[in-house]
Every structure is written in structure tokens, then in C-alpha cells.
Amino acid sequence: MTVLKCPKIGPFIEQERIDKIWPKLRVLARSSPTDKHTLVKGIIDSTVLEQRQVVAVTGDGTNDGPALKKADVGFAMGIAGTDVAKEASDIILTDDNFSSIVKAVMWGRNVYDSISKFLQFQLTVNVVAVIVAFTGACITQDSPLKAVQMLWVNLIMDTFASLALATEPPTEALLLRNPYGRKKPLISRTMMKNILGHAVYQLTTIFTLLFYGENLFDIDSGRNTPLHAPPSEHYTIVFNTFVLMQIFNEFNARKIHGERNVFEGVFNNIIFCSIVLGTFSHTGNL
């Protein structure tokens, strides 16, 4: 690590001078709260790099409030920190341990990924369900997915799926990739490909069973039943296939960055495994 002994930074230092210093700066010794605020502002306003930098600052004193407020992420000490510093910060280190910053970053990324995972899963389910219900109702005059079945999918399956995907434990691999950009959309291009690709696969399977299932399984067609009739064996196969594809889609939703092995670390999450097994066993009773 390179240690640069810099002269005291004044509050009105030119941006050009800061741009020459901060890319090489590793340690700023004996800095005052004013120096810290000036450095934070200088890095944020810098145009040396193409991408705008995300600045994090630690502080515990009352005079550190402006720097903590100006920074993108402010870390205050929970034990030694003053009330002013805590109010101005975004994250409070309750144990005053700098190593907790790494854990905070890891958990923050994990929470963001958990939201993205559920969005990928939920959007896939909704896209397929809406298209199947609408198209089936237009062609066969009755939706192949009944209201009670849709209610079961939304209230039971999706609720537990969100719990399963939100309880993925964080790993150190989260720290190896670059941080998300400030203007990066919540649904990335990789997620969009996964949603559309899996939706096309599910729709192809569902419509094949819907219009040719009676020939494949040698059963009576459910499309010829009277309106609002009890679910037929044909439509039961369609619904169970739809649910089973959503269960396996939960495994696909665990990876949102283009990873190949969707089963990696799956047994580390007991809640996920329990929910998948419970949903799978309950599906057979529908």
C-alpha cells in the first residue's frame, strides 16, 4: 500500500488539483473533518474517470457530519459515535469494527440480488399466466387456469417462493464482482433474457398440452367441456405442468448473472429446499 503525505487540503482547493491527487491517494494522515469533506466532494465531482465514483466515509465525531452526509454511504460508529454522526450516516457499525463494513457490503449486495431474483421469478410467472389465461379464454371460451388455481399460485406458491429466494445466505463471491452502477436498471439484460427465454419455453409447453394433450395422453379433451364445468383431467395436467415448471424456475431464479450451475449452494439454504419440497408434494394433491 502506498502512503502519500499530502499537504493540508483547504476548503477551496481547485478541482484540478484534487484530480491529480486522489487517484493515487491511499492514506490521508492527520486529516481534519474539513479535509474529509473536501476530499469526498472532490472525488464525487471528479471527471477523471468515465464512471462516477461511489464514495463511502467513516466517522464518529460531530464535525464528521457534513462528510457523512455528502458521501454516498456514510458509516458511523455505534459505540463511540456521536448522535450527530449517527443521524448523518446511512449505516451504523454497532460493534465499531471496520471489518463489519465488508459484511455490510456483502449483505447489501445480497439483499439487492434477492429482490432481483424474486422479480425474475415473479415476472416469468405473471407473463406466462396472463398469456395462457387470455389466449385460452379467447380460443376455447374458457380459461384453462381457473380462478382458484390462479389464487393458489399467487397466494401460496409466489409467497413461499419469495421467502425461499430471499433467504439465500450471502457468500464472499458477492464481493468479487464490480458494484452496480448508480443508473443501472433493477432488471438487467441478463434477467430479461432469462424471463423471456423461460416464458417462451413455458408457453410452448403449455399450449402444446392445451391443444394436443388429449392426443398425447389419450384422454378426453378439456376444451369441449361446458362453460364453468369442473376441472377436467386434461386441464388438471395443464395446471400441474404449469406449477411444476414454476417450481423448477425457482432454481433458475437463484442465478441472475448468467451463471451456468443453478444448483450451486442450493443445499446451504434449508428454507429453500423445504419450500420446494413442500410445494412439490402439495402440487400432487391439487
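Let's see how each residue does on (1) assigned by TED's automatic domain parsing to the domain that holds V127; (2) over 16 Å from R254 (Cβ atoms); (3) among the hydroxyl-bearing types (S, T, Y):
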position: M150; (1), (2), (3): yes, yes, no
position: N154; (1), (2), (3): yes, yes, no
position: S162; (1), (2), (3): yes, no, yes
position: L165; (1), (2), (3): yes, no, no
position: P170; (1), (2), (3): yes, no, no
position: L176; (1), (2), (3): yes, yes, no
position: K183; (1), (2), (3): yes, yes, no
position: T190; (1), (2), (3): yes, no, yes
position: I195; (1), (2), (3): yes, no, no
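Within the stretch 177-193, restricting attention to residues that are under 14 Å from the mean Cα position of the chain (by Cα) and assigned to a helix (DSSP H, G or I), the residue that is farthest from F239 (Cα to Cα) is R189.
Applying the criterion of being assigned to a loop (DSSP other than H, G, I, E, B) and among the hydrophobic types (A, V, I, L, M, F, W, C) to the residues of the stretch 258-274, the residue that is surrounded by the most Cβ atoms within 10 Å (Cβ to Cβ) is V262.
Please determine, by comparing only the residues of the stretch 238-254 that are of a type in the set (A, V, I, L, M) and more than 18 Å from the chain's Cα centre (by Cα), which one is nearest to E214 (Cα to Cα). Per the stated criteria, the residue is V238.
Of all residues in the stretch 209-235, those that are farther than 13 Å from L145 by Cα and in a helix (DSSP H, G or I) have Cβ atoms under 9 Å from Cβ atoms of residues that are basic (K, R) and modelled with pLDDT of 70 or more, 6 or more apart or on another chain, in F211/R223; E214/R223. For the residues A137, A80, A76, A173, the requirement of being free of Cβ contacts under 8 Å to residues at least 40 places away in the same chain, surrounded by fewer than 18 Cβ atoms within 10 Å (Cβ to Cβ) and either under 20 Å from the mean Cα position of the chain (by Cα) or in a strand (DSSP E or B) (or both) singles out A173.
Within the stretch 261-282, the set of residues being within 22 Å of L155 (Cβ to Cβ), among the polar types (S, T, N, Q) and either within 19 Å of the chain's Cα centre (by Cα) or at pLDDT below 85 (or both) comprises T279, S281.
When you check V128 against the structure, is it part of a helix (DSSP H, G or I), surrounded by 18 or more Cβ atoms within 10 Å (Cβ to Cβ) and touching a Pro at 6+ places or on another chain (Cβ under 9 Å), yes or no? Spelling it out, it is not the case that V128 is part of a helix (DSSP H, G or I), surrounded by 18 or more Cβ atoms within 10 Å (Cβ to Cβ) and touching a Pro at 6+ places or on another chain (Cβ under 9 Å). Here K255 does not fit the description of being in a helix (DSSP H, G or I), closer than 29 Å to D113 by Cα and among the basic types (K, R).
Within the stretch 52-71, the only residue that satisfies the criterion of being touching a residue at least 60 places away in the same chain (Cβ under 8 Å) and either farther than 28 Å from E172 by Cα or surrounded by 15 or more Cβ atoms within 10 Å (Cβ to Cβ) (or both) is R52.
The values are calculated or read from the model by the stated rules, or taken from the named source; none is laboratory data. Keep in mind it's a predicted model, so treat the numbers as computed, not measured. In this analysis, Cβ positions are derived from the backbone assuming ideal geometry, glycine residues included, and neighbour counts consider all displayed protein chains.
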